[in-house]
Structure formats: C-alpha cells, structure tokens
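What follows is a single structure, written as structure tokens, with notes after it.
The values are calculated or read from the model by the stated rules, or taken from the named source; none is laboratory data. Not measured: the values here are computed from a predicted model. No Cβ is skipped: glycine too gets one built from the backbone with ideal geometry, and neighbour counts run over all protein chains shown. Please note that ligands, DNA and RNA were not included when accessible areas were found on the heavy atoms of the full protein model with its side chains. Shrake-Rupley method; radii C 1.70, N 1.55, O 1.52, S 1.80 Å.
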Amino acid sequence: MTTTPAAPADSAPARSWRATAAACTTVVLWASAFVSIRSAGEAYSPGALALGRLLSGVLVLGAILLVRREGLPGRGAWRGIITSGVLWFGLYMVALNWGEQEVDAGTAAMLVNIGPILMALLGARMLGEGLPRRLLVGMGISFSGAVVVGLAMSGHGTSSVLGVALCLLAAVVYALGVVSQKPALAYGSSLQINTFGCLIGAVACLPFTGVLISEAADAPMSATLNMIYLGVFPTALAFTTWGYALARTTAGRMGATTYAVPAIVVLMAWLLLDEVPTLLGVLGGLLCLAGVAVSRSRQQTGPTPGNPDRPVEGRRHDAEYRSARRP
C-alpha cells in the first residue's frame, strides 16, 4: 500500500496562505488608522503627529529587530530603504495628515485612492510586472467603489486647492514608496526593510520635534494614546506584514488589495463611532471588495508542455520571483 507524502511545511499553498493573511492584517490595521487619525489630529498638527507615530513605530520595530538579532539588511537594500523611508514613511504621512485637515474625509479618500492605480502603472514600468487584464478590471471596479464611498462620506464644505494638492501628493509618494521598497525586499527581511525605513522617515520629520513636545504637553491622553497606537499597529505591525506580502506578489496586486480599506473604514466607523453608513456607502464598500476579489484572482492560462499540472502564468511569476530574490 502506497502512502502520499505530506506536503512540506514551506509548500506553495502554505506560503500563499501566509501572504494572504499578512495582506489582510495590513488592510484591517490601515483602515483602523483613519479612526485614530481623526482623534489624534484634533490635538496634534500634521508634522508632529507623523513624527510621534514614526518614533513609536521605530521603538517597537527596533526592539523586535534586536530580539530576533536580524542585524542590517544587504547593501543592495539601502537605496530602496532610503527612498521609501523619505517618501512613504515621511512625506506621505505629513502630506496625508495635512491634506485631511484641508478637505473633507470623502474627498481625501477619493484622491488618495489614485495611489494604487499609480502603483500598478509604476510597477509595470519600473519593475516589469505587467498589467494583467483581471488586475486592471478589478482596480477599475474598486476605484469606482472608492469614489462612491467618498461621495457618501463627503460633507457640504468646500475643499481647498491646497488640500487637494496635498492629497494628490500623498497618493504619488505612496505609489513611489511602494515601488521603491519592492526591490529592497530581495536583500533583506520585511522587518529589516521597514525598521530602517521607519527610522529614515523619523529622521526626515525631526524638524517637527519642538512642535511635538509643545503639543504633547497640552494634548489629552486619548489623542496621545491614539498617536502611539498609530505607531505600534498601523505602522510597525502593518508595514511589516505589508512588506512580507509584497515580497511574494507584485506591487500592482498589493496596491489593489488596499482598496478593501474604504469598505472596512465604513464598517469600523459604524461599530466604533456610531456613524451609521448610508446605502451609498454600503454599495461603495461592496464594489471595493468585489474589485479586490477580481484583481486578486488568478488567470488560468492552461498547462505547459513540460508540466501539465502547472499553468504557464504561474511558472512565469515563479521565475520572476526567483530572479528578483537573486542578489
């Protein structure tokens, strides 16, 4: 009687499951950040909030890095670490915090959600990832949902030109930061890349130190706790799980996954802030989730002559991943 050998612990299904779980963790924590920013932003200015968040994140990530004794990433990672640190950890957080003070939440959500589209285009141009039809269709559906959610969340006030420009800037540097970080993950772990990226971002925000100290003295405890929460969970934990998943898929597909954030924000605002969602908000959230499902699905292109059980598309992506991981 023959027995079927057990699948290895690090089999492809196991890796895929862990990457999916990491991406879901990131999306949920980033959605929770919108609720915390709303509270902390009432007591802290944009630069001070970004610096306090990054310092909290650096302390947590640095402690974990020391405990795990991972040390420094490879030399080839530093270009991506510095670029993503300045753009994504630093400039993005300041621009987004500032922009959300100048425009209503709905307008900000619509403008920032241009980021994943730019991410897919930049990934195709700079990383040679390609633009699969399902990814484009899914992102189109999700962006439509994000617009609907934005319309449902929009107030009746006017949006300043400065606020619109800041949200667009946040979207652009968000996309550039992710695409810059992707190659760096071939030379170090997600923990290493994000620890030093967060540190670079904190250093870039040091000019706000005086403002942070002054505002912390007068801020209510709830605002300060929300700032610390932003650093520990949506930054330290969520950026690490993001990097883990990003190293195992394309920047375009990871960007499309973040379109689940508006749907989760609607749910969290209902549960935590007693903000009952409108029918339009629910419809937009469902569109966002449907688009993510389409963009994350895999195109079955048929078996290869050499291996009838392995689709051509899957073999091509595996080859690209092995090439990216090669120093």
- Task: Only Lys, Arg, Asp and Glu count, each charged at its Cβ (+1, +1, -1, -1), so figure out the dipole size of region 21-104 about its Cα centre, rounded to 20 debye.
- Result: 540 debye
- Item | Value of Rg to Rh for region 87-227 (Rh from inverse mean 1/r over Cα pairs, i.e. Kirkwood) | 1.02
- Note on the structure: note: region 68-142, Cα-Cα separations exceeding 20 Å make up a percent value of 53 percent
- Item | Distance in nm between pseudo-label sites at residue 64 and residue 133 (7 Å out along the Cβ direction from Cα) | 4.0 nm
- Please report, as a whole percent, how much of the solvent-accessible surface of region 207-292 comes from carbon and sulfur atoms (probe radius 1.4 Å). 77 percent
- Distance in nm between residue 20 and residue 279 label points, each 7 Å along Cα→Cβ, equals 3.4 nm
- region 21-152: projected area of the alpha-carbon convex hull, averaged over directions, in nm²: 10.0 nm²
- Convex hull volume per residue in cubic angstrom - Cα atoms of region 175-257: 102 Å³
